[in-house]
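Values in this text are rule-based calculations from the coordinates and carry no lab data. Quick caveat, the model's predicted, so the values are computed rather than measured. Heads up, the Cβs are rebuilt from the backbone with ideal geometry, glycines too, and the neighbour counts pull from every protein chain shown.
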Amino acid sequence: MEGEQENIPLEQIAGRLLQDNFLLTALELHLELIEAGRELSTLKEFFSNPANFERQTSPPSATSIDFPFGYTRARSQSQATLDSLDISRLSEDGTDERIAVLEFELRKAKETISGLRTSLTQFSSEREVHVTSSKTNSISSEAIRPHEQRALNFLVNEYLLRQGYKLTAVTFSDENNEQDFDDWDDVGLNIPRPPELPQLYRVTHKETNEIECQTEESVYFEEEITRLNTKCNYLEQKLEEAISREQSEPNKILDLVDVSTDTSDIPVPEIKTVSVEPPARVNSKFEAAAAEDEEELRKLPDLFHSTLLRLLSISPDRLRPVESLLHLLLETLPSVISSKKEESIPLILAAIPEAKSSDQCSTLISLLLNIRKKPQEQERIVVVEGIKRLASDSELLEAHILPQTWELAGHKSMERRLLAAEVCLAIAPTAPARLRQAMVLPVLQQLLLEAAEPEVRVAVVRALSLVVAFTAQEDKYLQCEELCFLAIEDQDSGVRQLAQRVLLPVLAQWALQIDRLESSLVKRLLSRLKALAHDPRCGPMIGAVGQILPFIVIHLASHEDVLDRMDLEQIKEISDIGCDLSNPLIFLEPNSNTNAMLQALNLRLSDDSYQHWPQMDWVLSAFIPGLFDALCSVDVGNEDALLAYVKFYHQLSKVMGKHFTLNRIKPMFKEGLRSAEESLSNLDNNSDPQTPPSLILIPVLLVALLTTGDPNDTMELSNTLRHLLILLPSLKLPLAPLKVSIFHLCRAIALQETVLACLSEASKNSRPAVRLAAAQLTFHSLSCLHESALTKFVLPQLAMLANDLNEEVKEVVVAAYAELASQPGVAQAESRTTLQQLSKEALTSHVMSVAVTKAMTRLLPTCDPAFAEDVVLPQLCQLAAFCLHGVTSQTRRMDLGQALVAALSTALQVPLSRQAMAATLVPALRDLSSVCEQCMHVHSDAVNNWLREAEARAQIEPATPTTPKTEKPHLVQSAMNSGRKSVEDVKQRMSSLLKKK
């Protein structure tokens, strides 16, 4: 019966199907059981083994696989799967079966991959346990495994995307194109997806800190370092005492090291005895290296040497390293936290000479140079001082210090590159010549060319100065000269100034010694000077020529004909022709008799009958003409270069003497001006010629050359100035050269009367252009004139020009009176009175109205409140009404309106009474607001805001100004009549003020 039938187990059914070779039926059963969640292990193991689907070609053997229920299949060497079976013969159309087989094969492949991942995960876990138990150095030396690399790549890519580094993530993905970064399963580990990279870092960092804090060994080592530092300080004192007492017996020093000290208060663990080598070892190495390299060092005068070290701020040794235990240091430093590593620098310095192998020494020096990621100034000082002590060992310097310093020069951190430059500065004096040239100089060259920070380049120039000072090989001169010019033409002013003050004199002193001053240094300077004629760097370059001028003078005086004229009995003190390293008393040997040499040169140059010698021929044929050509190439508008040339030629005249200046230099300038005058005179008067380059000669001639002679003899200066005051305006040439010349001449009080007399004479000239030029030049020189010169020359000249018929002249005169009226002094009261008289013409002339408005603007910030309320503001109120009602031209109204905007905005900043604001300032602002609405819309909002502010301060009700559509003549006449009444009132008030004073 059906109810009595027993249920057959699925295991038996599966075994029967497999035993009878009903594979498809067994496969369908397997799939249905999987879908029902009742998978059988027998079917799973069978269909998971590819060998079960190979055709049997031999009887069962020892290598066959036994399955349950007696089913046996032979293992084949082939790895074929179900795709090798001819399933189509099992069905009429094998499509469905093939699809099922393919789906099954795909699932089996995924299961195989999952199994491999599980095995790999277990293997990785076992390896991690093993690695955790090993030492730290073995971890760092073990190569990264493929699955670890893929996992790290996935986490890094994920971090880059989350932080917004999309381009970097794309590049990273392209470089690892064999990995799919979108799927964690592609990594190959059968583990959950790990946390993000920042979370992993925090967890690891926290665990590391806990381990470090809880490790008793680290605490012990830190205490050991402290104890050893204390004991080493005591031993250092004992060593110093022993060295000073027993210098001839170094063995006694070793005895003193073993003297028992009172250290009962300090717990001292038992350690091995280490012999301490006395400092004589290092000193002996340094003395041997110095003796070996002595012939390759360039001889420097003692005073020059000390001055160079002073300018570069090189101080004596400040660090006294002590010797310690090498093995203890190597074991301790990795476990010391970063903030405490600086305290171990003395131990590192003491351990480096004791290193037994090259690897140990290199490791210690690397620890020293990389003690901090971004070492600050005080930390760099300690490291550099330590390196300076170690640099006495030439082998150590060549094998370890300089190579690692070169690596620092290419570091991305600015502080590391700055440390590299400072290390080069420290080791430059003691380094052997071959190392200085082969390694130190290339490091500095790389830093100078590649460093973007001015601080690094400044340090490079300091180090380069020492390297050049101690270099004697002439084949390195051109390289040093190239680097010097790179520093002189640097974009940073600090680098340029240091290069001119220190590096260039050092290079010039070397060029003077090897006779390359003419052929190389000066020749290159003149060439660069001419090339930079239109460049802002022209001024610093002419300053560089002035810096080496004393070297050129000494080169000129070093001929035997000059030296034979030296009078060693009657030596006069020569004024300093240079400072610091450019002073001949410093860069020459003390026994050179510098003053006697310069005195003999002056006597030789003063003698007209002297015969030229080679150095003088070079000065007359190359140096002076080269400077003149470079000067003629400078644009007259380049004021910095112009002032630099004036200063240089003044220095040249002082150094070469009056006779040489008047007979050799001044004729060249005179001829240049004469040629320029002839060429300009041939031009049509109606043309507007461009400024010829020779006009740059005018300031140099007037300021530097014509003032070299007797101060009381100014006839030539006066005649030349009078001639130029007529020539330039007549030819419609710019007055910039004369402005610079007169300004600098008036800075000398003794020359003010000469200059002002020439300007007064030019003010009486019949040509309006000459009178206008005289007025402009007088106005330009007001700031540097003495009060006596103002009273005697300027005020009479301005009073005469105030009646000139030329409105442009009157405009300049109004500006000059405003300048004088704003400055306290004897000319203030008279200038204010005259300015009020000139303001009468403001309502009849557009030029005068704008000029008076600007003059009132100049007066407002400096005058007292009474003068501002009684004189300035009423005048501005008149001008505002005149601008609104009296000016018909749109262009002129805009010009006057612009000037009124500046004036009334300044008036708002002046403390005024409520009555003055209500009576003058508010009406003026209302008129100006109407003008802005008509033709100056850009200022409308600002003027309306000022009007509201003035009305609020004056406490009056705001009124909306109405602009008349048509300008009626009677309104204009009323404004002008009110202006006349206001002027009369102002005159009366001013007269009463003067009477009170």
For a Förster distance of 35 Å, can you work out the FRET efficiency between the beta-carbons of ARG202 and GLU398, rounded to the nearest 0.05? 0.20
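I'd like to compare 155-165, 917-927, 827-837, 457-467: which one has the highest average count of other Cβ atoms within 10 Å, and what's the full order after that? If you can, show how the numbers build up before the last one.
Working: 155-165: 15.5, 917-927: 23.0, 827-837: 19.1, 457-467: 26.7.
So the peptides 155-165, 917-927, 827-837, 457-467, ranked by packing, come out 457-467, 917-927, 827-837, 155-165.
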Two-site label geometry, LEU161 and ASP20: point separation in nm, points 7 Å out along Cα→Cβ: 5.4
In Hz, Karplus ³J(HN,Hα) per residue of the stretch 836-849 (6.51, -1.76, 1.60; θ = phi - 60°; x = Gly, Pro): 5, 5, 5, 5, 4, 7, 5, 8, 10, 9, 5, 4, 5, 5
Quick one: if you stick a label point 7 Å off each Cα along the C-beta vector at PHE172 and ARG674, how many nm between them? 7.9
Positive-end residue, the stretch 830-943 charge dipole about Cα centroid, Cβ charges, pick of THR888, CYS935, VAL850: THR888
Just to verify a number: FRET efficiency for ASN595 and LEU449, C-beta to C-beta distance, R0 = 41 Å, to 0.05? 0.45
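Which FRET efficiency value, to the nearest 0.05, is calculated for SER358 and HIS411 with the Förster distance at 25 angstrom and r the Cβ-Cβ distance?
On the way: r = 23 Å, r/R0 = 0.91.
Once the sixth-power term is evaluated, E becomes 0.65.
What translational diffusion coefficient, in µm²/s and rounded to a whole number, does the Stokes-Einstein relation yield for the stretch 757-818 at 37 °C and a viscosity of 0.692 mPa s, taking the hydrodynamic radius as the Kirkwood radius over Cα pairs? Present the calculation step by step, with values, prior to reporting the outcome.
Details: Rh = 11.3 Å.
Stokes-Einstein gives a translational diffusion coefficient of 291 µm²/s.
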In nanometres, the difference between 0.36 nm per residue of separation and the alpha-carbon distance of GLN12 and ASP635 is 213.3 nm
For ALA472, distant residues with modelled amide H under 5 Å away: ARG298
Distance in nm between SER940 and SER730 label points, each 7 Å along Cα→Cβ, equals 5.4
